[in-house]
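The values are calculated or read from the model by the stated rules, or taken from the named source; none is laboratory data. Keep in mind it's a predicted model, so treat the numbers as computed, not measured. Here the Cβ positions follow ideal geometry from the backbone for every residue, glycine too, while neighbour counts run over all protein chains shown.
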Amino acid sequence: MNYNHLWKNISKQIITWGKKFRDISTRLKIYKMKILPKFLFLFQTLPVNIPTNLLKKWDNSMKQWVVGGNKNRIANFLYYSKQEMGGWGAPSLGIYYEASQLARLLEFELEGSKKWVQTEKEANNWQRGTLLGERIDRKDLKNLKAGPCFSMLLIWKKWQNKLQINKIDPFPLETLENKDKTFTNLIRALKENGFKRIGDIMNPKGEILKWDKIKDKCGQGNWIAWLGLSSKAQAMKRREVVETPLDRIIKRKIEIDKGITGLLYDVLITLTYNTKITIIDNWKQEKNFTEKLIGTWIDNIPKIKHIRIKETQRKIISKWYRTPLQVAHITGNTSNKCWHNCGEIGTFSHMWWDCRKIQNFYRKIRKIMEEIIGKELIWDKARYMSLTVKVREDNNNWTEILKYMTAAIQATIARGWRDDTKWNVETWWTYISEYIINDFIIQKKKIYTNSLKDQDWLRKWTVLIDKIDGDERYRTLNQAFHMIKLMY
(Lines give C-alpha, C1' and ligand atoms only; values in the text may rest on other atoms or scores of the structure.)
Protein backbone atom coordinates (compact mmCIF):
# COMPACT_ATOMS: atom_id res chain seq x y z
CA MET A 1 0.00 0.00 0.00
CA ASN A 2 1.24 3.52 -0.79
CA TYR A 3 0.88 4.58 2.86
CA ASN A 4 3.28 1.86 4.02
CA HIS A 5 5.80 2.89 1.37
CA LEU A 6 5.51 6.55 2.41
CA TRP A 7 5.95 5.79 6.10
CA LYS A 8 8.98 3.60 5.39
CA ASN A 9 10.67 6.47 3.53
CA ILE A 10 9.76 9.02 6.22
CA SER A 11 11.13 6.75 8.96
CA LYS A 12 14.45 6.55 7.12
CA GLN A 13 14.48 10.31 6.62
CA ILE A 14 13.96 11.25 10.28
CA ILE A 15 16.69 8.79 11.28
CA THR A 16 19.01 10.52 8.80
CA TRP A 17 18.10 13.92 10.22
CA GLY A 18 18.78 12.58 13.71
CA LYS A 19 19.55 15.47 16.02
CA LYS A 20 20.55 17.81 13.24
CA PHE A 21 17.77 20.23 14.12
CA ARG A 22 17.93 20.93 17.83
CA ASP A 23 14.90 23.03 18.74
CA ILE A 24 11.30 21.86 18.64
CA SER A 25 10.08 24.83 16.59
CA THR A 26 12.49 24.06 13.72
CA ARG A 27 11.49 20.39 13.68
CA LEU A 28 7.83 21.38 13.56
CA LYS A 29 8.53 23.60 10.54
CA ILE A 30 10.28 20.72 8.77
CA TYR A 31 7.40 18.41 9.63
CA LYS A 32 4.86 20.84 8.17
CA MET A 33 6.90 21.61 5.05
CA LYS A 34 8.50 18.25 4.17
CA ILE A 35 6.33 15.49 5.61
CA LEU A 36 2.75 16.67 6.10
CA PRO A 37 2.13 17.56 2.39
CA LYS A 38 2.98 13.98 1.37
CA PHE A 39 0.38 12.57 3.74
CA LEU A 40 -2.23 15.13 2.67
CA PHE A 41 -1.70 14.16 -0.96
CA LEU A 42 -2.42 10.51 -0.18
CA PHE A 43 -5.35 11.33 2.12
CA GLN A 44 -7.01 13.13 -0.78
CA THR A 45 -6.05 10.85 -3.66
CA LEU A 46 -6.24 7.50 -1.85
CA PRO A 47 -9.15 7.90 0.60
CA VAL A 48 -9.16 4.38 2.01
CA ASN A 49 -10.10 3.47 5.56
CA ILE A 50 -6.97 3.78 7.73
CA PRO A 51 -7.16 2.09 11.15
CA THR A 52 -7.13 4.49 14.10
CA ASN A 53 -4.28 2.63 15.80
CA LEU A 54 -2.08 3.08 12.70
CA LEU A 55 -2.76 6.83 12.61
CA LYS A 56 -1.89 7.03 16.32
CA LYS A 57 1.33 5.12 15.68
CA TRP A 58 2.36 7.63 13.00
CA ASP A 59 1.44 10.58 15.21
CA ASN A 60 3.35 9.20 18.20
CA SER A 61 6.44 8.47 16.09
CA MET A 62 6.45 11.98 14.64
CA LYS A 63 5.93 13.49 18.09
CA GLN A 64 8.88 11.52 19.44
CA TRP A 65 11.09 12.96 16.69
CA VAL A 66 9.78 16.52 17.07
CA VAL A 67 10.39 16.68 20.83
CA GLY A 68 13.86 15.23 20.36
CA GLY A 69 13.37 11.60 21.26
CA ASN A 70 12.86 12.46 24.92
CA LYS A 71 10.13 11.07 27.11
CA ASN A 72 6.70 12.54 26.55
CA ARG A 73 7.24 15.98 28.12
CA ILE A 74 4.41 17.68 26.24
CA ALA A 75 0.83 16.56 26.73
CA ASN A 76 -1.13 15.92 23.54
CA PHE A 77 -3.57 18.74 24.22
CA LEU A 78 -0.61 21.18 24.30
CA TYR A 79 1.29 19.55 21.45
CA TYR A 80 -1.56 19.51 18.92
CA SER A 81 -3.53 22.58 19.98
CA LYS A 82 -3.31 25.58 17.64
CA GLN A 83 -0.69 28.21 18.46
CA GLU A 84 -3.40 30.85 18.79
CA MET A 85 -4.82 28.73 21.62
CA GLY A 86 -1.49 28.50 23.44
CA GLY A 87 -0.37 25.14 22.03
CA TRP A 88 2.58 24.12 19.88
CA GLY A 89 0.47 23.75 16.75
CA ALA A 90 1.87 20.35 15.73
CA PRO A 91 -0.03 18.60 12.92
CA SER A 92 -2.16 15.61 13.90
CA LEU A 93 -2.21 13.08 11.06
CA GLY A 94 -5.30 11.48 12.60
CA ILE A 95 -7.25 14.76 12.54
CA TYR A 96 -5.96 15.64 9.05
CA TYR A 97 -7.13 12.25 7.79
CA GLU A 98 -10.61 12.91 9.21
CA ALA A 99 -10.64 16.45 7.76
CA SER A 100 -9.75 15.03 4.33
CA GLN A 101 -12.59 12.52 4.55
CA LEU A 102 -15.06 15.25 5.54
CA ALA A 103 -13.83 17.48 2.70
CA ARG A 104 -14.58 14.67 0.27
CA LEU A 105 -17.98 14.18 1.90
CA LEU A 106 -18.81 17.85 1.30
CA GLU A 107 -17.83 17.40 -2.33
CA PHE A 108 -20.24 14.47 -2.57
CA GLU A 109 -23.09 16.50 -1.10
CA LEU A 110 -22.54 19.73 -3.01
CA GLU A 111 -22.02 17.87 -6.28
CA GLY A 112 -24.89 15.48 -5.58
CA SER A 113 -26.47 15.98 -8.98
CA LYS A 114 -23.34 14.87 -10.84
CA LYS A 115 -23.40 11.45 -12.50
CA TRP A 116 -20.16 10.30 -10.85
CA VAL A 117 -21.61 10.94 -7.39
CA GLN A 118 -24.75 8.96 -8.15
CA THR A 119 -22.67 6.14 -9.62
CA GLU A 120 -20.45 5.91 -6.55
CA LYS A 121 -23.44 5.95 -4.20
CA GLU A 122 -25.03 3.11 -6.13
CA ALA A 123 -21.76 1.17 -6.20
CA ASN A 124 -21.52 1.49 -2.41
CA ASN A 125 -25.17 0.47 -1.92
CA TRP A 126 -26.20 3.85 -0.46
CA GLN A 127 -30.01 3.89 -0.40
CA ARG A 128 -30.73 7.39 0.92
CA GLY A 129 -30.52 10.58 -1.08
CA THR A 130 -28.41 12.66 1.30
CA LEU A 131 -25.27 11.90 3.26
CA LEU A 132 -25.32 14.94 5.55
CA GLY A 133 -28.96 15.97 5.74
CA GLU A 134 -30.04 13.28 8.19
CA ARG A 135 -28.47 11.47 11.12
CA ILE A 136 -26.19 8.53 10.29
CA ASP A 137 -26.45 5.45 12.51
CA ARG A 138 -25.01 1.94 12.55
CA LYS A 139 -27.78 0.54 10.37
CA ASP A 140 -26.85 2.95 7.57
CA LEU A 141 -23.22 1.84 7.70
CA LYS A 142 -24.06 -1.85 7.99
CA ASN A 143 -25.43 -2.05 4.45
CA LEU A 144 -22.52 -0.17 2.89
CA LYS A 145 -19.71 -1.87 1.05
CA ALA A 146 -16.22 -1.25 2.39
CA GLY A 147 -14.69 1.58 0.40
CA PRO A 148 -14.28 5.37 0.22
CA CYS A 149 -17.97 6.04 0.88
CA PHE A 150 -17.87 3.87 4.00
CA SER A 151 -14.74 5.67 5.25
CA MET A 152 -16.36 9.09 4.78
CA LEU A 153 -19.55 8.18 6.60
CA LEU A 154 -17.65 6.46 9.40
CA ILE A 155 -15.88 9.76 10.10
CA TRP A 156 -19.09 11.77 9.70
CA LYS A 157 -20.85 9.51 12.21
CA LYS A 158 -18.13 10.40 14.72
CA TRP A 159 -18.45 14.17 14.22
CA GLN A 160 -22.11 14.69 13.25
CA ASN A 161 -23.18 15.79 16.76
CA LYS A 162 -20.42 18.40 17.01
CA LEU A 163 -20.46 19.68 13.41
CA GLN A 164 -23.89 21.17 13.01
CA ILE A 165 -25.19 22.28 9.61
CA ASN A 166 -27.78 25.04 10.04
CA LYS A 167 -27.87 26.53 6.54
CA ILE A 168 -29.32 24.22 3.87
CA ASP A 169 -29.46 26.73 0.99
CA PRO A 170 -26.18 25.63 -0.70
CA PHE A 171 -27.07 21.94 -0.93
CA PRO A 172 -28.39 20.36 -4.16
CA LEU A 173 -32.05 19.38 -4.42
CA GLU A 174 -31.00 15.72 -4.20
CA THR A 175 -30.37 16.37 -0.50
CA LEU A 176 -34.17 16.36 -0.05
CA GLU A 177 -34.63 12.97 -1.72
CA ASN A 178 -35.82 10.13 0.50
CA LYS A 179 -35.05 6.43 0.55
CA ASP A 180 -38.04 5.54 -1.65
CA LYS A 181 -36.96 8.03 -4.37
CA THR A 182 -40.38 9.74 -4.19
CA PHE A 183 -39.10 13.08 -5.50
CA THR A 184 -36.97 11.86 -8.42
CA ASN A 185 -39.25 13.10 -11.23
CA LEU A 186 -39.92 16.41 -9.47
CA ILE A 187 -36.24 17.10 -8.88
CA ARG A 188 -35.46 16.26 -12.52
CA ALA A 189 -38.13 18.72 -13.72
CA LEU A 190 -36.92 21.47 -11.40
CA LYS A 191 -33.32 21.03 -12.53
CA GLU A 192 -34.35 21.22 -16.17
CA ASN A 193 -35.85 24.61 -15.34
CA GLY A 194 -32.72 25.91 -13.59
CA PHE A 195 -33.53 25.01 -9.97
CA LYS A 196 -30.46 23.08 -8.81
CA ARG A 197 -30.03 23.91 -5.12
CA ILE A 198 -32.40 24.20 -2.16
CA GLY A 199 -31.80 27.95 -2.10
CA ASP A 200 -33.24 28.16 -5.63
CA ILE A 201 -36.71 27.15 -4.41
CA MET A 202 -36.79 29.97 -1.85
CA ASN A 203 -37.85 33.60 -2.17
CA PRO A 204 -35.54 36.50 -1.18
CA LYS A 205 -36.82 36.25 2.41
CA GLY A 206 -35.62 32.64 2.67
CA GLU A 207 -39.13 31.15 2.56
CA ILE A 208 -40.01 28.06 0.50
CA LEU A 209 -41.94 29.07 -2.64
CA LYS A 210 -45.67 28.43 -2.74
CA TRP A 211 -47.09 25.99 -5.31
CA ASP A 212 -48.68 28.72 -7.44
CA LYS A 213 -45.27 30.40 -7.81
CA ILE A 214 -43.43 27.32 -9.01
CA LYS A 215 -46.01 24.91 -10.47
CA ASP A 216 -44.97 25.73 -14.05
CA LYS A 217 -41.45 24.47 -13.25
CA CYS A 218 -42.41 21.23 -11.49
CA GLY A 219 -43.69 19.18 -14.40
CA GLN A 220 -47.12 17.69 -14.90
CA GLY A 221 -48.65 15.68 -12.04
CA ASN A 222 -45.95 16.49 -9.48
CA TRP A 223 -48.00 18.65 -7.11
CA ILE A 224 -48.24 15.94 -4.44
CA ALA A 225 -44.49 15.35 -4.67
CA TRP A 226 -44.00 19.11 -4.31
CA LEU A 227 -46.03 19.12 -1.08
CA GLY A 228 -43.75 16.43 0.33
CA LEU A 229 -40.50 17.99 -0.87
CA SER A 230 -41.42 21.53 0.22
CA SER A 231 -42.59 20.26 3.63
CA LYS A 232 -39.28 18.48 4.14
CA ALA A 233 -37.35 21.59 3.09
CA GLN A 234 -39.49 23.75 5.38
CA ALA A 235 -38.87 21.42 8.33
CA MET A 236 -35.12 21.66 7.72
CA LYS A 237 -35.37 25.46 7.47
CA ARG A 238 -37.13 25.68 10.82
CA ARG A 239 -34.10 24.07 12.46
CA GLU A 240 -31.84 26.83 11.15
CA VAL A 241 -30.20 29.03 13.78
CA VAL A 242 -26.92 30.96 13.68
CA GLU A 243 -24.32 30.16 11.04
CA THR A 244 -21.93 27.45 12.24
CA PRO A 245 -18.24 26.94 11.33
CA LEU A 246 -19.27 24.12 8.98
CA ASP A 247 -21.83 26.41 7.29
CA ARG A 248 -19.05 28.94 6.65
CA ILE A 249 -16.80 26.24 5.20
CA ILE A 250 -19.60 25.08 2.88
CA LYS A 251 -20.10 28.66 1.70
CA ARG A 252 -16.34 28.97 1.10
CA LYS A 253 -16.33 25.72 -0.91
CA ILE A 254 -19.07 27.01 -3.20
CA GLU A 255 -17.36 30.38 -3.70
CA ILE A 256 -13.68 29.39 -3.94
CA ASP A 257 -13.28 25.63 -3.35
CA LYS A 258 -9.73 25.98 -2.02
CA GLY A 259 -8.20 25.14 1.34
CA ILE A 260 -11.26 23.21 2.53
CA THR A 261 -9.27 20.44 4.22
CA GLY A 262 -7.24 23.01 6.16
CA LEU A 263 -10.37 24.85 7.29
CA LEU A 264 -11.98 21.61 8.43
CA TYR A 265 -8.79 20.65 10.26
CA ASP A 266 -8.82 23.95 12.17
CA VAL A 267 -12.39 23.29 13.30
CA LEU A 268 -11.72 19.66 14.30
CA ILE A 269 -8.48 20.40 16.16
CA THR A 270 -10.17 23.22 18.11
CA LEU A 271 -13.04 20.92 19.06
CA THR A 272 -10.57 18.22 20.12
CA TYR A 273 -7.92 20.31 21.90
CA ASN A 274 -8.97 23.68 23.36
CA THR A 275 -5.82 24.56 25.29
CA LYS A 276 -6.51 28.22 25.94
CA ILE A 277 -9.13 27.58 28.62
CA THR A 278 -6.85 25.07 30.38
CA ILE A 279 -3.87 27.45 30.38
CA ILE A 280 -5.95 30.35 31.69
CA ASP A 281 -7.36 28.19 34.50
CA ASN A 282 -3.84 27.00 35.33
CA TRP A 283 -2.23 30.44 35.52
CA LYS A 284 -4.96 32.63 37.00
CA GLN A 285 -4.34 30.93 40.35
CA GLU A 286 -0.98 32.72 40.43
CA LYS A 287 -0.70 36.21 41.93
CA ASN A 288 -1.11 39.15 39.47
CA PHE A 289 -2.18 36.84 36.62
CA THR A 290 -5.56 38.10 35.40
CA GLU A 291 -7.57 36.28 32.74
CA LYS A 292 -7.04 39.22 30.37
CA LEU A 293 -3.26 39.21 30.86
CA ILE A 294 -3.02 35.45 30.31
CA GLY A 295 -5.17 35.69 27.17
CA THR A 296 -2.94 38.47 25.81
CA TRP A 297 0.14 36.43 26.68
CA ILE A 298 -1.20 33.46 24.70
CA ASP A 299 -2.10 35.71 21.75
CA ASN A 300 1.36 37.35 21.66
CA ILE A 301 3.48 34.18 21.60
CA PRO A 302 2.74 33.29 17.91
CA LYS A 303 3.83 36.83 16.95
CA ILE A 304 7.36 36.37 18.34
CA LYS A 305 9.87 36.20 15.48
CA HIS A 306 12.88 34.71 17.25
CA ILE A 307 12.50 30.91 17.36
CA ARG A 308 14.35 30.40 20.65
CA ILE A 309 12.37 33.11 22.46
CA LYS A 310 9.11 31.72 21.12
CA GLU A 311 10.01 28.19 22.19
CA THR A 312 11.02 29.30 25.70
CA GLN A 313 7.74 31.20 26.05
CA ARG A 314 5.77 28.13 24.99
CA LYS A 315 7.63 26.01 27.51
CA ILE A 316 7.00 28.51 30.30
CA ILE A 317 3.30 29.03 29.61
CA SER A 318 2.74 25.25 29.39
CA LYS A 319 4.93 24.68 32.49
CA TRP A 320 7.12 22.33 30.48
CA TYR A 321 10.19 22.56 32.74
CA ARG A 322 10.46 19.73 35.25
CA THR A 323 10.60 20.84 38.90
CA PRO A 324 11.97 19.10 42.01
CA LEU A 325 8.40 18.53 43.17
CA GLN A 326 7.47 16.79 39.89
CA VAL A 327 10.64 14.68 39.77
CA ALA A 328 10.12 13.58 43.38
CA HIS A 329 6.55 12.58 42.56
CA ILE A 330 7.64 10.64 39.45
CA THR A 331 10.63 8.81 40.95
CA GLY A 332 9.45 8.50 44.54
CA ASN A 333 13.04 8.52 45.85
CA THR A 334 14.34 12.08 45.33
CA SER A 335 13.95 15.26 47.35
CA ASN A 336 11.26 17.79 46.46
CA LYS A 337 13.42 20.67 47.70
CA CYS A 338 14.70 23.45 45.42
CA TRP A 339 17.79 22.43 43.43
CA HIS A 340 19.49 25.69 44.44
CA ASN A 341 19.69 24.66 48.12
CA CYS A 342 17.41 27.35 49.52
CA GLY A 343 15.49 24.76 51.53
CA GLU A 344 12.06 25.48 50.03
CA ILE A 345 9.82 23.09 48.07
CA GLY A 346 10.65 23.32 44.36
CA THR A 347 7.34 24.20 42.70
CA PHE A 348 7.19 25.74 39.23
CA SER A 349 6.47 29.17 40.70
CA HIS A 350 9.34 28.83 43.16
CA MET A 351 11.86 27.75 40.51
CA TRP A 352 11.00 30.69 38.25
CA TRP A 353 10.30 33.44 40.76
CA ASP A 354 10.06 32.81 44.51
CA CYS A 355 13.50 31.31 45.20
CA ARG A 356 15.62 33.86 47.11
CA LYS A 357 18.66 33.04 44.96
CA ILE A 358 16.76 33.73 41.77
CA GLN A 359 15.42 36.96 43.26
CA ASN A 360 19.00 38.05 44.05
CA PHE A 361 19.90 37.49 40.40
CA TYR A 362 16.80 39.38 39.23
CA ARG A 363 17.65 42.35 41.45
CA LYS A 364 21.15 42.47 39.99
CA ILE A 365 19.86 42.39 36.40
CA ARG A 366 17.04 44.85 37.10
CA LYS A 367 19.55 47.33 38.56
CA ILE A 368 21.65 47.14 35.37
CA MET A 369 18.57 47.59 33.17
CA GLU A 370 17.44 50.64 35.16
CA GLU A 371 20.96 52.12 34.98
CA ILE A 372 20.96 51.78 31.18
CA ILE A 373 17.44 53.14 30.74
CA GLY A 374 17.67 55.79 33.44
CA LYS A 375 14.17 55.13 34.73
CA GLU A 376 12.36 52.76 37.07
CA LEU A 377 10.93 49.52 35.68
CA ILE A 378 7.39 48.25 36.27
CA TRP A 379 8.32 44.70 37.19
CA ASP A 380 6.37 41.85 38.75
CA LYS A 381 5.99 38.10 38.26
CA ALA A 382 3.20 38.36 35.67
CA ARG A 383 4.98 40.99 33.56
CA TYR A 384 8.27 39.12 33.75
CA MET A 385 6.79 35.78 32.66
CA SER A 386 4.77 37.32 29.80
CA LEU A 387 7.60 39.60 28.53
CA THR A 388 5.61 42.77 29.30
CA VAL A 389 8.02 44.51 31.69
CA LYS A 390 7.68 48.27 31.14
CA VAL A 391 9.44 51.52 31.94
CA ARG A 392 7.55 53.89 34.19
CA GLU A 393 6.58 57.09 32.33
CA ASP A 394 7.86 55.82 28.97
CA ASN A 395 6.53 56.60 25.49
CA ASN A 396 7.14 53.02 24.26
CA ASN A 397 10.73 53.69 23.13
CA TRP A 398 11.93 50.76 25.23
CA THR A 399 9.01 48.34 24.78
CA GLU A 400 10.59 46.05 22.16
CA ILE A 401 14.07 46.24 23.66
CA LEU A 402 12.72 45.25 27.07
CA LYS A 403 11.14 42.14 25.53
CA TYR A 404 14.56 41.00 24.31
CA MET A 405 16.21 41.86 27.63
CA THR A 406 13.58 39.95 29.62
CA ALA A 407 13.69 36.98 27.23
CA ALA A 408 17.47 36.86 27.72
CA ILE A 409 16.94 36.66 31.50
CA GLN A 410 14.57 33.72 31.01
CA ALA A 411 17.07 31.98 28.73
CA THR A 412 19.77 32.46 31.39
CA ILE A 413 17.55 30.99 34.12
CA ALA A 414 16.63 28.01 31.90
CA ARG A 415 20.31 27.37 31.21
CA GLY A 416 21.01 27.19 34.94
CA TRP A 417 17.82 25.30 35.79
CA ARG A 418 19.77 22.86 37.97
CA ASP A 419 22.99 24.85 38.27
CA ASP A 420 22.66 28.46 39.49
CA THR A 421 26.37 29.12 38.88
CA LYS A 422 25.36 29.72 35.25
CA TRP A 423 23.24 32.69 36.32
CA ASN A 424 25.64 35.50 35.53
CA VAL A 425 25.50 38.86 33.79
CA GLU A 426 27.85 37.81 30.99
CA THR A 427 25.52 34.97 29.96
CA TRP A 428 22.67 37.47 29.94
CA TRP A 429 24.66 39.83 27.69
CA THR A 430 25.43 36.93 25.34
CA TYR A 431 21.76 36.06 24.91
CA ILE A 432 20.79 39.68 24.31
CA SER A 433 23.53 39.97 21.66
CA GLU A 434 22.28 36.82 19.94
CA TYR A 435 18.72 38.18 19.89
CA ILE A 436 19.85 41.56 18.53
CA ILE A 437 21.79 39.97 15.67
CA ASN A 438 18.91 37.61 14.88
CA ASP A 439 16.47 40.52 14.89
CA PHE A 440 18.67 42.32 12.37
CA ILE A 441 18.83 39.25 10.11
CA ILE A 442 15.03 38.92 10.20
CA GLN A 443 14.57 42.59 9.36
CA LYS A 444 17.25 42.41 6.65
CA LYS A 445 15.08 39.94 4.74
CA LYS A 446 12.34 42.57 4.73
CA ILE A 447 14.84 45.16 3.54
CA TYR A 448 15.65 42.96 0.53
CA THR A 449 11.94 42.84 -0.33
CA ASN A 450 11.71 46.66 -0.08
CA SER A 451 9.28 46.45 2.85
CA LEU A 452 11.73 47.98 5.33
CA LYS A 453 14.72 50.32 5.31
CA ASP A 454 17.96 50.08 7.31
CA GLN A 455 17.02 53.28 9.12
CA ASP A 456 13.79 51.70 10.38
CA TRP A 457 15.68 48.93 12.14
CA LEU A 458 18.24 51.36 13.57
CA ARG A 459 15.49 53.63 14.86
CA LYS A 460 14.21 50.82 17.09
CA TRP A 461 17.63 50.18 18.65
CA THR A 462 19.06 53.72 18.65
CA VAL A 463 17.82 54.44 22.17
CA LEU A 464 19.92 51.51 23.47
CA ILE A 465 22.94 52.23 21.24
CA ASP A 466 23.08 55.83 22.49
CA LYS A 467 23.11 54.64 26.11
CA ILE A 468 25.86 52.00 25.83
CA ASP A 469 28.08 53.18 22.95
CA GLY A 470 31.72 53.22 24.01
CA ASP A 471 31.01 52.03 27.56
CA GLU A 472 33.34 49.15 28.44
CA ARG A 473 30.76 47.68 30.84
CA TYR A 474 28.60 46.78 27.84
CA ARG A 475 31.39 45.45 25.65
CA THR A 476 29.43 42.36 24.51
CA LEU A 477 26.48 44.43 23.29
CA ASN A 478 28.74 46.97 21.58
CA GLN A 479 30.48 44.12 19.76
CA ALA A 480 27.11 42.87 18.51
CA PHE A 481 26.16 46.28 17.14
CA HIS A 482 29.62 46.66 15.59
CA MET A 483 29.17 43.31 13.82
CA ILE A 484 25.80 44.49 12.49
CA LYS A 485 27.37 47.69 11.12
CA LEU A 486 29.81 45.53 9.17
CA MET A 487 26.85 43.72 7.58
CA TYR A 488 25.24 46.89 6.20
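Which of the residues spanning region 19-72 are closer than 21 Å to residue 263 by Cα and among the basic types (Lys, Arg)? Residues satisfying the conditions are 29, 32, 34, 38. For region 165-204, a tally of residues being more than 38 Å from the chain's Cα centre (by Cα) and assigned to a helix (DSSP H, G or I) returns 10. In region 237-249 there is no residue matching the filter, namely being under 33 Å from the mean Cα position of the chain (by Cα), modelled with pLDDT of 85 or more, aliphatic (A, V, I, L, M) and surrounded by fewer than 18 Cβ atoms within 10 Å (Cβ to Cβ).
Residues in region 80-96 that are surrounded by fewer than 21 Cβ atoms within 10 Å (Cβ to Cβ), farther than 16 Å from residue 56 by Cα and not acidic (Asp, Glu): 82, 83, 89.
Summed over region 207-243, the residues that are assigned to a helix (DSSP H, G or I) and among the charged types (D, E, K, R) give a count of 8.
For region 15-55, taking the residues that are over 19 Å from residue 96 (Cα atoms) and within 23 Å of the chain's Cα centre (by Cα), the one that is surrounded by the most Cβ atoms within 10 Å (Cβ to Cβ) is identified as 24.
Quick check on residue 86: is it out of contact with any strand residue (DSSP E or B) (no Cβ under 7 Å at 6 or more places or on another chain), on the phi > 0 side of the Ramachandran plot and touching a residue at least 60 places away in the same chain (Cβ under 8 Å)? Yes: the conditions hold for residue 86. Name the pairs whose Cβ atoms lie under 6 Å apart, with the first residue in region 187-200 and crowded, with 17+ Cβ neighbours inside 10 Å, the second β-branched (Val, Ile, Thr) and part of a helix (DSSP H, G or I), and 6 or more positions between them or separate chains? If the second residue must be β-branched (Val, Ile, Thr) and part of a helix (DSSP H, G or I), the pairs left are 195/201.
None of 209, 173 is under 28 Å from residue 102 (Cα atoms), in contact with a strand residue (DSSP E or B) (Cβ under 9 Å, 6 or more places away or on another chain) and outside the structural domain of residue 106 (by TED's automatic domain parsing) except 173. Against the criterion of being in a helix (DSSP H, G or I) and out of contact with any Asp or Glu (no Cβ under 7 Å at 6 or more places or on another chain), residue 350 does not qualify.
Screening the candidates 319, 310, 258 for the property of being closer than 28 Å to residue 420 by Cβ, of a type in the set (Lys, Arg) and not in a helix (DSSP H, G or I) yields one hit, 319. The residues in region 301-334 that are within 18 Å of residue 352 (Cβ to Cβ) and under 27 Å from the mean Cα position of the chain (by Cα) can be counted, and the count is 16. Of the residues in region 263-276, at least one is within 30 Å of residue 385 (Cα to Cα), outside any helix (DSSP H, G or I), in contact (Cβ under 8 Å) with a residue 60 or more places away in the chain and within 23 Å of the chain's Cα centre (by Cα). Restricting the search to region 279-288, which residues are at pLDDT 90 or above and part of a loop (DSSP other than H, G, I, E, B)? Within region 279-288, none qualify. Taking (1) outside any helix (DSSP H, G or I); (2) modelled with pLDDT of 90 or more in turn, residue 103 satisfies each apart from (1). Of all the criteria given as (1) at pLDDT below 95; (2) more than 18 Å from residue 315 (Cβ to Cβ), the one not satisfied by residue 428 is (1). When the criteria are applied in full, residue 3 fails the requirement of being touching a residue at least 24 places away in the same chain (Cβ under 8 Å), farther than 22 Å from residue 152 by Cβ and of a type in the set (Ser, Thr, Tyr).
The residue of region 335-347 that is surrounded by the fewest Cβ atoms within 10 Å (Cβ to Cβ), among those that are under 37 Å from the mean Cα position of the chain (by Cα) and either in a loop (DSSP other than H, G, I, E, B) or free of Cβ contacts under 8 Å to residues at least 12 places away in the same chain (or both), is 336.
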